[in-house]
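Have a look at the structure below, then the notes.
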Amino acid sequence: MHLTETENKVDFPLNMWYVAALGKELKDKPLARTLLNHPVVLYRTKEGKVNALEDRCCHRHLPLSMGMVENKGLRCGYHGLLFNDDGKVIEVPGQDQIPPKACVKKYHILEQDAIVWIWFGTEGNEIPIEKPPKYDFHTNPDYVYDGDVYQYKAPYQLIHDNLLDLSHLGYVHLHTIGGDAHTHMNAKLISETRGDTVFIKRYLPNSTPPPTYLAAYPFKGKVDRWQELEFHPSHIRIWTGAVDQGTDSLDDPNRKGFHMRGLHGLTPETTETAHYFWTIATNPENDVEEIKEKVVEQTRFTFDEDKVVVEEQFKNMKKFGAQPTFDIHVDVGPNRARRLLKKLLRASK
């Protein structure tokens, strides 16, 4: 079914920046991506700036993502119409006159800290009212990072639920970042909502370091672990790590030890599918590139496991329909996030 722009506006919270791509994805060719039900073509201009237009030629509707980037703009791959970066046709091959209505929609887009953000606003808020979120760990010299993009066959809220409930690590990720399931399920949990952000903290003192931690850091034995999460409507920041037991305070924001700082951009594709943009930054003291590759590889394997769980969960939800469920103690964070999204969705209508 074709969704009109009006219908699109009530499906997801608006008046905010969403992740559209990782900066490294945009090279010399256009990239097609559906974001919040909007088919968009993303590309990097010859000057190196990112741009985003409606992914259709206004002549015969071929996706502009099938065209090519040129010095003056994006050329359609069907009849060669040339669109400038504002979405206006500036050349029709073989014809001097350009129809005055020959244009497509331009989206507000900005690359910052190697993340490409796109703005979706309500009527009257088409122009961004704030800058995209900063993420300094992509530029901090103490950290190295990499990341990837997944396409989920599941609603983005289910990915939120998964990331905000790290108790599942002891069961789903036993061979990577998990560890003892009993410790995870009984970890002290602190959760609060401040404005449009949900904060979650979990501490796991006197823990056995999981395989990923041991592969990346020379722990001496037991460790004190932490899991600190910030939920924002369009992305989640997760800071996890550990120090040798008793060597540093878990309340100290400058604590040492092994760090994994994850950025998780969760952007709806449709109401039943989503894009998951993730990066992981870590702080190795020696063998920097080797440790980075280990952490990224282990993180990718972990997220592969999550993807299977979330997609199978959604398949079963569709199979069984509206069956009753109940909450347990680990659902505090996900429930706070869902309430916040509902509030923002009402404000977007």
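Taking the stretch 18-30 as the range and being within 22 Å of residue 145 (Cα to Cα) and either modelled with pLDDT of 95 or more or crowded, with 20+ Cβ neighbours inside 10 Å (or both) as the test, the residues that pass are 18, 19, 20, 21, 22, 23, 24, 25, 26. Scanning the stretch 246-261 for residues that are over 20 Å from residue 166 (Cβ atoms) and over 26 Å from the mean Cα position of the chain (by Cα) yields 246, 247, 248, 249, 252, 256. For the stretch 260-277, the tally of residues that are touching a Phe, Trp or Tyr at 6+ places or on another chain (Cβ under 7 Å) and either among the small types (Gly, Ala, Ser) or assigned to a strand (DSSP E or B) (or both) stands at 10. When residues in the stretch 188-208 are screened for being over 27 Å from the mean Cα position of the chain (by Cα) and assigned to a loop (DSSP other than H, G, I, E, B), 1 of them pass.
Residues checked against (1) within 23 Å of residue 251 (Cβ to Cβ); (2) among the charged types (D, E, K, R); (3) at pLDDT 90 or above:
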| site | (1), (2), (3) |
| --- | --- |
| 132 | no, no, yes |
| 162 | no, no, yes |
| 166 | yes, no, no |
| 172 | no, no, no |
| 190 | yes, no, no |
| 206 | yes, no, yes |
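The residues in the stretch 242-258 that are buried (at least 17 other Cβ atoms within 10 Å of the Cβ) and within 19 Å of residue 142 (Cα to Cα) can be counted, and the count is 4.
Checking each residue in the stretch 11-55 for being touching a residue at least 40 places away in the same chain (Cβ under 8 Å) and among the small types (Gly, Ala, Ser) picks out 20, 21, 23, 52. Criterion first (surrounded by fewer than 20 Cβ atoms within 10 Å (Cβ to Cβ), within 19 Å of the chain's Cα centre (by Cα), of a type in the set (Phe, Trp, Tyr) and part of a strand (DSSP E or B)) does residue 239 satisfy it? In short, yes. Against the numbered list (1) out of contact with any strand residue (DSSP E or B) (no Cβ under 9 Å at 6 or more places or on another chain); (2) crowded, with 17+ Cβ neighbours inside 10 Å, residue 94 comes up short only at (2). Give all pairs with beta carbons closer than 7 Å in which a residue from the stretch 108-119 that is on the phi > 0 side of the Ramachandran plot and assigned by TED's automatic domain parsing to the domain that holds residue 27 meets a residue that is in a loop (DSSP other than H, G, I, E, B) and buried (at least 18 other Cβ atoms within 10 Å of the Cβ); count only pairs at least 6 apart in sequence or on separate chains. Matching pairs, first to second residue: 113/135. The condition (being buried (at least 17 other Cβ atoms within 10 Å of the Cβ) and more than 28 Å from residue 342 (Cα to Cα)) is satisfied by just one residue among 12, 83: 83.
Is it true that some residue in the stretch 81-91 is part of a loop (DSSP other than H, G, I, E, B), more than 27 Å from residue 233 (Cβ to Cβ), in contact (Cβ under 8 Å) with a residue 40 or more places away in the chain and not hydroxyl-bearing (Ser, Thr, Tyr)? For the stretch 81-91, residues part of a loop (DSSP other than H, G, I, E, B), more than 27 Å from residue 233 (Cβ to Cβ), in contact (Cβ under 8 Å) with a residue 40 or more places away in the chain and not hydroxyl-bearing (Ser, Thr, Tyr): present.
Checking the conditions here, which among 225, 261 is more than 25 Å from residue 150 (Cβ to Cβ), in contact with a Lys or Arg (Cβ under 9 Å, 6 or more places away or on another chain) and buried (at least 18 other Cβ atoms within 10 Å of the Cβ)?
Matching residue, one of 225, 261: 225.
Here residue 50 fulfils each of the conditions (1) surrounded by fewer than 16 Cβ atoms within 10 Å (Cβ to Cβ); (2) within 22 Å of residue 274 (Cβ to Cβ) apart from (1). Taken as a whole, the condition of being assigned to a loop (DSSP other than H, G, I, E, B) and either within 26 Å of the chain's Cα centre (by Cα) or not hydroxyl-bearing (Ser, Thr, Tyr) (or both) does not apply to residue 302.
Test residue 184 against the criterion of being within 20 Å of residue 230 (Cα to Cα), assigned by TED's automatic domain parsing to the domain that holds residue 302 and at pLDDT below 60, and give yes or no. The answer is yes for residue 184.
The values are calculated or read from the model by the stated rules, or taken from the named source; none is laboratory data. Quick caveat: nothing in here was measured; it's all calculated off a predicted structure. Here the Cβ is made from the backbone with ideal geometry for all residues, glycine too, and neighbour counts use every protein chain on show.
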